[in-house]
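Report on the following structure.
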Amino acid sequence: MSISTSKGKRHPDDIIIKYNDLPISMIEIAKILLLLWENEDKRHPPPKKGAKMSLEFINELFETRELTNEILRKYHLTNRNSSSIKIENNL
């Protein structure tokens, strides 16, 4: 799996984010989030946090603008698959 970027056209600093060389949009990210939250609520139904914990993770990621091992541990996420994720900035 790879995540890469290329130069966009809407602004001098605009980028196109690609997953396995295919551009992804905010609509696709929204659809992924809906599926993720539905699954989290199935795995950890209310009154457990489920999707709310996923949203807290996303909000903290937004606030800090970095993905750290500390944040991954805080939300009980492991870094086991991230080593297979290749992130390329082709700008």
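The values are calculated or read from the model by the stated rules, or taken from the named source; none is laboratory data. These numbers come from a predicted model, not from an experiment. FYI the Cβ positions are ideal-geometry reconstructions off the backbone, even for glycines, and counts take in every protein chain you see.
Miscellaneous remarks
- Among residues of segment 1-34, those that are in a loop (DSSP other than H, G, I, E, B) and over 30 Å from residue 53 (Cβ atoms), counted: 8
- All positions within segment 1-44 that are charged (D, E, K, R) and at positive phi: 21
- Test: residue in segment 49-57 that is modelled with pLDDT under 95, part of a loop (DSSP other than H, G, I, E, B) and of a type outside the set (Gly, Ala, Ser): yes
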